[in-house]
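These notes are about the structure you will find just below.
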Amino acid sequence: MIRIAILGAGGLGRGMATVIEARKGFQLVALADRLGYAYNPKGIASSVLGRDLESVADLPEGLTSDEAILDLMQAHGDQIDAIFMALPNLPVDFFAKTIEQIATETPFQGVVVDALKRTKAVELLLPLNELLQEQNITYVTGCGATPGFLTTVAAVAAQSFAEITAIDIYFGVGVDGWEKYRATVREDILHLPGYNAEIVAAMSDDDIKALLDERGGIIELVNMEHADDIILELAGVCDRSKITVGGKVDVRHAKKPCSTTVTMKGITAFGQTTQHQFIVGDETTMVDNVCGPALGFMARAVEMHNNDLTGLYTSADLMPKTSAEGMRLKANELGREELLSL
Ligand code: NAD
């Protein structure tokens, strides 16, 4: 059993609790939110995380805390195998600061996966590679739907081409009520023209509601600063300038406003110009497509961790490589050679 802590117990954190129960070999033992944390080595059932539960601090095993993540990980970090980061990444350095604190101030030595979205957030995580290696932590970033599921579909699809000319990711998301996924909706709004992270951080929930009312509950996003670009670039698939991410979010209906697609254009080794297109099933929810893949990446990362592969990786590092250029052989402390991308 992989003993899991979920940091952030909002829409996706609670959704992850349900996904964990639907899959074999995982056990939820801890959750933390803004008001406190809960730890139970016998497991925490998703059924206790109903909508009327304000905070996990209100669970029978819950404790209130102003520093829930630090307190949880200091008290129980050595009894947790893997963390799912379901926190708002506002400000954009929140994940990097949080993982640095976990690595330096708690006994945790395991796996972390996140579902972050922004390119800048990945850039801030990259310098932590050495610290994570020293602290015996394997961190895989970009493990949600996009980046994550869709990015790695692109990394696999790229294998048919000698040259990638364009990758376009377009997501359709439907949720019945923005309050269920406040951080997700806020982080989408900051990509709208005229908005940024500072402006969104200063907006009250009423301001957000007013903005959504003005737009009939629909947020349309083009050319987002989305980490699919840096992740595919780091994996050697193509230059980030060839990657575009956009989407349409309906915060009033669970039905998706459009299908989610990944379109890959390229030229084959035999000179054919063509494209692949991958379409995500309309019936799948945001939780299915964020938490399902995150759990899958987590299981793979636990295997890597058990084989002494620590440090910072992206979800696309776990996929086939497009090119062997820019790769290096590095001897690890066991004397075996492992292939690591730069
Ligand atoms: P939410 O607003 O519903 O929940 C956030 C949770 O984090 C809450 O429980 C809150 O109490 C907790 N929290 C906030 N600050 C905290 C702190 N300092 N310490 C402890 N807990 C804290 O958020 P959500 O809509 O579930 O989104 C979670 C994350 O998932 C966001 O970063 C969002 O951008 C990301 N996301 C990623 C993808 C993807 O495909 N990559 C898709 C959707 C959402």
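The values are calculated or read from the model by the stated rules, or taken from the named source; none is laboratory data. The model shown is predicted, which means the values in this text are computed figures rather than measured ones. Quick reminder, even Gly has a Cβ in these numbers, built from the backbone with ideal geometry, and neighbours come from all protein chains shown. Surface areas here come from the heavy atoms of the whole protein model, side chains and all, with no ligands, DNA or RNA. Shrake-Rupley method; radii C 1.70, N 1.55, O 1.52, S 1.80 Å.
Structure above, values below:
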{"item": "Filtered residue count, the range 50-90, keeping only those that are open to solvent by less than 80 Å² (accessible area, probe 1.4 Å) and either closer than 13 Å to F108 by Cβ or within 21 Å of the chain's Cα centre (by Cα) (or both)", "result": "21"}
{"item": "Filtered residues of the range 146-171 (kept if in contact with a Ser or Thr (Cβ under 8 Å, 6 or more places away or on another chain), open to solvent by 20 Å² or more (accessible area, probe 1.4 Å) and among the aliphatic types (A, V, I, L, M))", "result": "A162, A166"}
{"item": "Complete set of residues in the range 214-250 that are out of contact with any Asp or Glu (no Cβ under 8 Å at 6 or more places or on another chain) and of a type in the set (V, I, T)", "result": "V222, I231, V237"}
{"item": "F149 vs. criteria within 15 Å of the chain's Cα centre (by Cα), at pLDDT 95 or above and not basic (K, R)", "result": "yes"}
{"item": "Of all residues making up the range 172-187, the number that are buried (at least 22 other Cβ atoms within 10 Å of the Cβ) and within 13 Å of I218 (Cα to Cα)", "result": "4"}
{"item": "Sole exception among (1) in the same structural domain as K248 (by TED's automatic domain parsing); (2) at pLDDT 95 or above; (3) of a type in the set (G, A, S) for G177, by number", "result": "(2)"}
{"item": "Residue count for the range 153-190, restricted to those that are within 24 Å of M304 (Cα to Cα) and either among the acidic types (D, E) or touching a Leu at 6+ places or on another chain (Cβ under 7 Å) (or both)", "result": "2"}
{"item": "Entirely in the range 243-286, the strands (runs of 3 or more DSSP E) that have 3 or more residues that are surrounded by fewer than 15 Cβ atoms within 10 Å (Cβ to Cβ)", "result": "273-279"}
{"item": "L234 vs. criteria open to solvent by less than 50 Å² (accessible area, probe 1.4 Å), away from the ligand (no atom under 13 Å from the Cβ), in contact with a Ser or Thr (Cβ under 9 Å, 6 or more places away or on another chain) and in contact (Cβ under 8 Å) with a residue 60 or more places away in the chain", "result": "no"}
{"item": "Residue ranges of helices (runs of 4 or more DSSP H) in the range 103-197 with at least 3 members of a type in the set (A, V, I, L, M, F, W, C) and away from the ligand (no atom under 13 Å from the Cβ)", "result": "149-157"}
{"item": "Any hit, the range 21-44, residues being surrounded by fewer than 18 Cβ atoms within 10 Å (Cβ to Cβ), within 12 Å of the ligand (Cβ to nearest atom) and assigned by TED's automatic domain parsing to the domain that holds L116", "result": "yes"}
